[in-house]
Amino acid sequence: MRARKKGVTPTRMSTILKRQAVPRCGSDYTPSILATPQEAPSISHACTLNSSKLGREVHCLSLPETAAALLALYDPAVVDLHEQRMLAPWPTPHPLFGFPGMHQVQLPPIRGMIEVAERLGYLKMLPRVRIENPDVPGSSDVQVFPYIGDLLLFRRRVNDDGLYCINWSIKDQEIAFRVRTVRQPGKQRPSRDSLPDMLPRHEMEEAYYRDAGTRARISTPNARVLKFAARRSHA
């Protein structure tokens, strides 16, 4: 993905940074992308869930994501949920840093997607956008455009012993984490043995959170849960 791709623009990056440079919690959280006709991808199944637990609307961009969000919101151990959270290109504090009620403990920081990509050999794959430099008229800088995650769960440990985070990456099929396009007209579907364990995009996201001691999981809600989510999204 490069700056010419849809949504990778200076205006979009400015909006994301305004909402996510310092992520807030609970009812004050604002996702990077809203489930609105103006912001949601045209092929998405955008949906908002009105959560009394969080005191705000949860913005989902696909049916599987809606299903996963519903499961998370019904989990009594989940105390907060951040959908469409920016994966910062640069180092940032741990997601739990400054979380209300969190004890003052040593939390490992997030090193940033640029460091992760460089370490894994994927630096050239990161999307970039050209930003005008307001201090030097007529000049511009090329910056890494942030990836956006699906769901970041904040859960309470057993026996109320502190909090921890789990990152969920959501797809409708497991194979979608291993190949960009599941169905390509005129092309034979690749065998599982010929596919990588994970696409670079998801491999980087997993390492991004692992550096901060946060588990990352891929999720594909089953058919029954998807049907429930579909009914809920049209309620």
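The values are calculated or read from the model by the stated rules, or taken from the named source; none is laboratory data. It should be emphasised that the depicted structure is a prediction, and the values quoted were computed from it without experimental measurement. As a convention, Cβ positions derive from the backbone with ideal geometry for all residues, glycine included, and neighbour counts pool all protein chains shown. Note: areas computed on protein heavy atoms with side chains; ligands, DNA, RNA excluded. Shrake-Rupley method; radii C 1.70, N 1.55, O 1.52, S 1.80 Å.
Taking each residue of segment 79-106 that is within 23 Å of Ala207 (Cβ to Cβ) and looking for partners that are hydroxyl-bearing (Ser, Thr, Tyr) and part of a loop (DSSP other than H, G, I, E, B) with beta-carbon atoms closer than 8 Å, six or more apart or interchain, yields His82/Tyr29; Gln84/Ser32; Arg85/Ser32; Met86/Ser32; His94/Thr214; Pro95/Thr214. Filtering Arg130, Arg155, Arg85, Arg119 for residues that are basic (Lys, Arg), open to solvent by less than 80 Å² (accessible area, probe 1.4 Å) and within 25 Å of Leu17 (Cα to Cα) leaves a single hit, Arg85. Please pick out the residue among Pro23, Pro76 that is part of a loop (DSSP other than H, G, I, E, B) and open to solvent by 50 Å² or more (accessible area, probe 1.4 Å). Every option except Pro76 fails the conditions. Filter segment 1-20 down to the residues that are among the aliphatic types (A, V, I, L, M) and in a loop (DSSP other than H, G, I, E, B), then identify the one that is modelled with the lowest pLDDT. Only one residue tops the list, namely Met1.
For the subset of segment 156-183 comprising residues that are of a type in the set (A, V, I, L, M, F, W, C) and assigned to a loop (DSSP other than H, G, I, E, B), which member is modelled with the highest pLDDT?
Of all residues in segment 156-183, those of a type in the set (A, V, I, L, M, F, W, C) come to 158, 163, 165-166, 168, 170, 175-177, 179, 182.
With the extra rule that they be assigned to a loop (DSSP other than H, G, I, E, B), the set shrinks to 179, 182.
Working: Val179: 62, Val182: 47.
Among residues in segment 156-183 that are of a type in the set (A, V, I, L, M, F, W, C) and assigned to a loop (DSSP other than H, G, I, E, B), the one modelled with the highest pLDDT is Val179.
When every residue of segment 36-47 is checked against the conditions, none turns out to be of a type outside the set (Val, Ile, Thr), free of Cβ contacts under 8 Å to residues at least 60 places away in the same chain, over 27 Å from Trp90 (Cβ atoms) and not in a loop (DSSP other than H, G, I, E, B). Restricting Gly112, Gly98 to residues that are modelled with pLDDT of 90 or more and at positive phi narrows the list to Gly112. Evaluate segment 133-148: report whether one residue or more is open to solvent by less than 80 Å² (accessible area, probe 1.4 Å), among the hydroxyl-bearing types (Ser, Thr, Tyr) and in a loop (DSSP other than H, G, I, E, B). Checking segment 133-148: at least one residue is open to solvent by less than 80 Å² (accessible area, probe 1.4 Å), among the hydroxyl-bearing types (Ser, Thr, Tyr) and in a loop (DSSP other than H, G, I, E, B). For segment 115-155, filtered to residues that are over 28 Å from Cys25 (Cβ atoms) and among the acidic types (Asp, Glu), the residue that is modelled with the lowest pLDDT is Asp135. Criterion applied to Ile33, Ile43 was being out of contact with any Lys or Arg (no Cβ under 6 Å at 6 or more places or on another chain), of a type outside the set (Gly, Ala, Ser) and at pLDDT below 90, and the one residue passing it is Ile43. Counting only residues that are open to solvent by 20 Å² or more (accessible area, probe 1.4 Å) and of a type in the set (A, V, I, L, M), which one in segment 36-69 is farthest from Ile16 (Cα to Cα)? Filtering segment 36-69 for residues that are open to solvent by 20 Å² or more (accessible area, probe 1.4 Å) and of a type in the set (A, V, I, L, M), the one farthest from Ile16 (Cα to Cα) comes out as Leu63.
Confirm whether Lys18 is of a type in the set (D, E, K, R) and surrounded by 14 or more Cβ atoms within 10 Å (Cβ to Cβ).
No.
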